[in-house]
1. Read through the list (1) surrounded by 11 or more Cβ atoms within 10 Å (Cβ to Cβ); (2) under 15 Å from G25 (Cβ atoms), then give the number of the only condition that S81 fails.
2. Cβ-Cβ below 9 Å, separation at least six or inter-chain, first residue in segment 15-43 and under 20 Å from L89 (Cα atoms) and touching a residue at least 60 places away in the same chain (Cβ under 8 Å), second part of a strand (DSSP E or B) and not charged (D, E, K, R): which pairs?
3. Quick one: would you say T26 is at pLDDT below 95, among the β-branched types (V, I, T) and either surrounded by 15 or more Cβ atoms within 10 Å (Cβ to Cβ) or not in a strand (DSSP E or B) (or both)?
4. What are the residues in segment 60-82 that are touching a residue at least 12 places away in the same chain (Cβ under 8 Å) and more than 15 Å from the chain's Cα centre (by Cα), if any?
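The values are calculated or read from the model by the stated rules, or taken from the named source; none is laboratory data. Bear in mind that the values here come from a model prediction, so they are computed numbers and not experimental data. Every residue, glycine among them, receives a Cβ derived from its backbone with ideal geometry; neighbour counts consider all protein chains shown.
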Amino acid sequence: MEKGKSKTVQIITWRGIRMEITHVGTYSAGMDHIEIHTENKMPIPITETGYKSHFFPTGSYAEYDTAEAFVVAWLEAEADSKEWVAKELAAQQMSLF
C-alpha cells in the first residue's frame, strides 16, 4: 500500500445477498475507490454482473461512518427503482415457462 492510501475490506449481507466491499481511501489525486463483489455474481441494484468499481472524490461520503454504510445507502436508494422492484418480484415468483 502506497503512502497516504488506506484500505478496508468488509463483508456484508444485504437483502440476503452476501458481498465484499473494498474501499481504498485516497486511491489517486483526491479520489477514493470502492469495489463491490457479490457472492456467486448475484446482481444487485447497482450492477447486473455482481461487480462494481466506483471512483469518487475523497471525503464525499463523509455523512456516512463507513464505506459499508455508504454502499448500503446507495443500494437502498437504487432498490426503489421500478426495474429493481420488478426483478425482486419476479425472483420471488415461480415461472411456469
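1. (2)
2. As it stands, the answer is R15/I44, since those pairs meet every condition given.
3. Values: at pLDDT below 95: yes; among the β-branched types (V, I, T): yes; either surrounded by 15 or more Cβ atoms within 10 Å (Cβ to Cβ) or not in a strand (DSSP E or B) (or both): yes.
Yes.
4. S60, S81
Matching residues to (1) touching a helix residue (DSSP H, G or I) at 6+ places or on another chain (Cβ under 7 Å); (2) surrounded by 12 or more Cβ atoms within 10 Å (Cβ to Cβ):
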residue: V9; (1), (2): no, no
residue: T13; (1), (2): no, no
residue: D32; (1), (2): no, yes
residue: E35; (1), (2): no, yes
residue: I44; (1), (2): yes, yes
residue: T66; (1), (2): no, yes
residue: V72; (1), (2): no, yes
residue: L89; (1), (2): no, no
residue: Q92; (1), (2): no, no
